[in-house]
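I have placed the structure first, in the form of structure tokens, so that the comments after it can refer back to it.
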Amino acid sequence: MKKKIVIVGGGIIGCVSAIYLNRYGHDVSIIEKSENLGGVLTDQKFNQDIFLKGTQYLDVNVEWFRVLKELVPDLNIFDYSYGSYTNLNSFNFNSEDFAIPVFNFDLEKENIQNNHYQYKSLADRINQYPEDIKSQLIKFFSNSEIDLNKISSACVGNLGISRVALIKNENLKKLKSENKIIDDLYAIKRNEIYNHNLQYALPKNGFTEFFLRLRKKLEKENIKVFTNSRIFPEWKNGNLEIALNNKKINNDCIFWSGNPTHLIQKFLDSKLDSFVFRTLQVNANIENLKIKERFIQVYSKSSKIFRINLYNLNNIPKIGVECFFHKEDSKNILNEALGILKKFKLELKYSETTINKNLINRFDIFTISDKQTIEQFLQKTKNSNLLFSPWTSYGRTEKIEKILDNFKKLNLIN
Ligand SMILES: Cc1cc2nc3c(=O)[nH]c(=O)nc-3n(C[C@H](O)[C@H](O)[C@H](O)COP(=O)(O)OP(=O)(O)OC[C@H]3O[C@@H](n4cnc5c(N)ncnc54)[C@H](O)[C@@H]3O)c2cc1C
């Protein structure tokens, strides 16, 4: 049966959901508070140059990507040739057990707010946790050959990093014996571990342009898009009521795709223990080499960097480096990154006039104590008109697959 569905938030999850729901004949609107669609997938302009804001590659070999590419074809697909990778299928590991909610507010808040990790290593950091979480983490890492004393304390801070840190014993041993691990850097060529032909994609001219084009296509498919329109949640008898320009929007279902913190706080009338996890991103154009996109995940205790990304936008090769030390000098960060790349036999130079840096809000982190509160909220609103984005998921594909599953359970799609 045709339903009137309102999607609050026009990030990638909201947009992809709208396409699916619309194809099943529903009346779909997207309401976005910012000027443009795209959410965290945006670019940053600096003089004449455009840089990506954070690492924002799209997964390729998934159904939702094909659906998106049908609408806006100009997505550059490339091979992800560097960076360690682990196939998690053989491990009995559920990210919800300890991924984002593993954070203990009191222990972590101060470090993050002071832009500094006090812990000397990952072992040191894990040691601070309550016994139950500590044992989960130790069990998790015991499947790997990772030496917790050698690895940076920042690692568990990122779900992605903790995932890739789980490297199968045999592989790491083999790499060590063949001297393919460079110094104490746990940055390994992906194809040295598995022969996965991993592919990712970026829009040719950046995300801003991509989402402008996507918006036109969505509107052509009769999806209504409202930007510069922030929804303030109002709860009435356990149901969410929304209004735009003081006019109530009638609906059969609301999908709240943006960050749910505010929504939950309003419902429970109390503050949640959550905090924003920020990283520093330093970008520059690369002068001396036309490169294919590459990506390096760094686990070194001696480096502040945790990710180095090489990519092209408008055919200009760029370097993007992410680290946890917010006050760091841009040049130091770039030079350190170039030093690491040199170990991978990539000799690059950056162009000084294009250096730019910005702080990125990666996500709000809910804490262990909040997990219960959120579950209460979910129970109480179970039969309401509300759906929202899976709060424990981090990656796009994971989020999209979960929400499509929920749509199926509600018979909104097949
Ligand atoms: C720096 C960085 C790097 C990342 N790297 C990767 C990666 O490599 N791979 C990966 O899979 N994932 C990555 N992620 C995570 C991934 O980007 C996110 O999971 C996903 O893109 C989030 O999309 P979203 O639509 O859920 O949320 P968002 O992009 O946050 O979109 C939510 C939208 O809702 C809007 N909104 C919120 N509240 C309201 C309101 N009240 N009224 C109206 N509109 C509202 C917001 O303005 C926003 O546009 C990264 C994230 C960051 C920040």
Taking the stretch 25-54 and keeping residues among the small types (Gly, Ala, Ser) and more than 7 Å from the ligand (Cβ to nearest atom) leaves GLY25, SER29
Here the residues within the stretch 1-18 that are more than 8 Å from the ligand (Cβ to nearest atom) and buried (at least 20 other Cβ atoms within 10 Å of the Cβ) are ILE5, VAL6, ILE7, VAL16, SER17, ALA18
Just one listed residue, out of LEU410, LEU338, is modelled with pLDDT under 90 and among the hydrophobic types (A, V, I, L, M, F, W, C), and it is LEU338
Exception for ASP370 within (1) open to solvent by less than 40 Å² (accessible area, probe 1.4 Å); (2) in contact with a Pro (Cβ under 9 Å, 6 or more places away or on another chain); (3) at pLDDT 85 or above falls at (3)
If we keep only residues of the stretch 270-307 that are β-branched (Val, Ile, Thr) and touching a Leu at 6+ places or on another chain (Cβ under 7 Å), then the residue modelled with the lowest pLDDT is VAL298
The number of residues in the stretch 228-267 that are basic (Lys, Arg) and near the ligand (Cβ under 9 Å from one of its atoms) is 1
Result of the Cβ filter at 7 Å on the stretch 248-259, keeping first residues that are closer than 16 Å to SER34 by Cβ and open to solvent by less than 30 Å² (accessible area, probe 1.4 Å) and partners that are part of a strand (DSSP E or B) and more than 8 Å from the ligand (Cβ to nearest atom), at least 6 apart or interchain, is TRP256/LEU386; TRP256/PHE388; SER257/ILE7
The stretch 224-280: strands (runs of 3 or more DSSP E) wholly inside it with 1 or more residues that are within 27 Å of GLN372 (Cα to Cα) and not assigned by TED's automatic domain parsing to the domain that holds GLU322 are 234-236, 239-241, 253-256
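The values are calculated or read from the model by the stated rules, or taken from the named source; none is laboratory data. Computed from a predicted structure; not experimentally measured. Cβ coordinates were reconstructed from backbone atoms using ideal geometry, including for glycine residues, and neighbour counts include every protein chain displayed. SASA here: full protein model, heavy atoms, side chains in, ligands and nucleic acids out. Shrake-Rupley method; radii C 1.70, N 1.55, O 1.52, S 1.80 Å.
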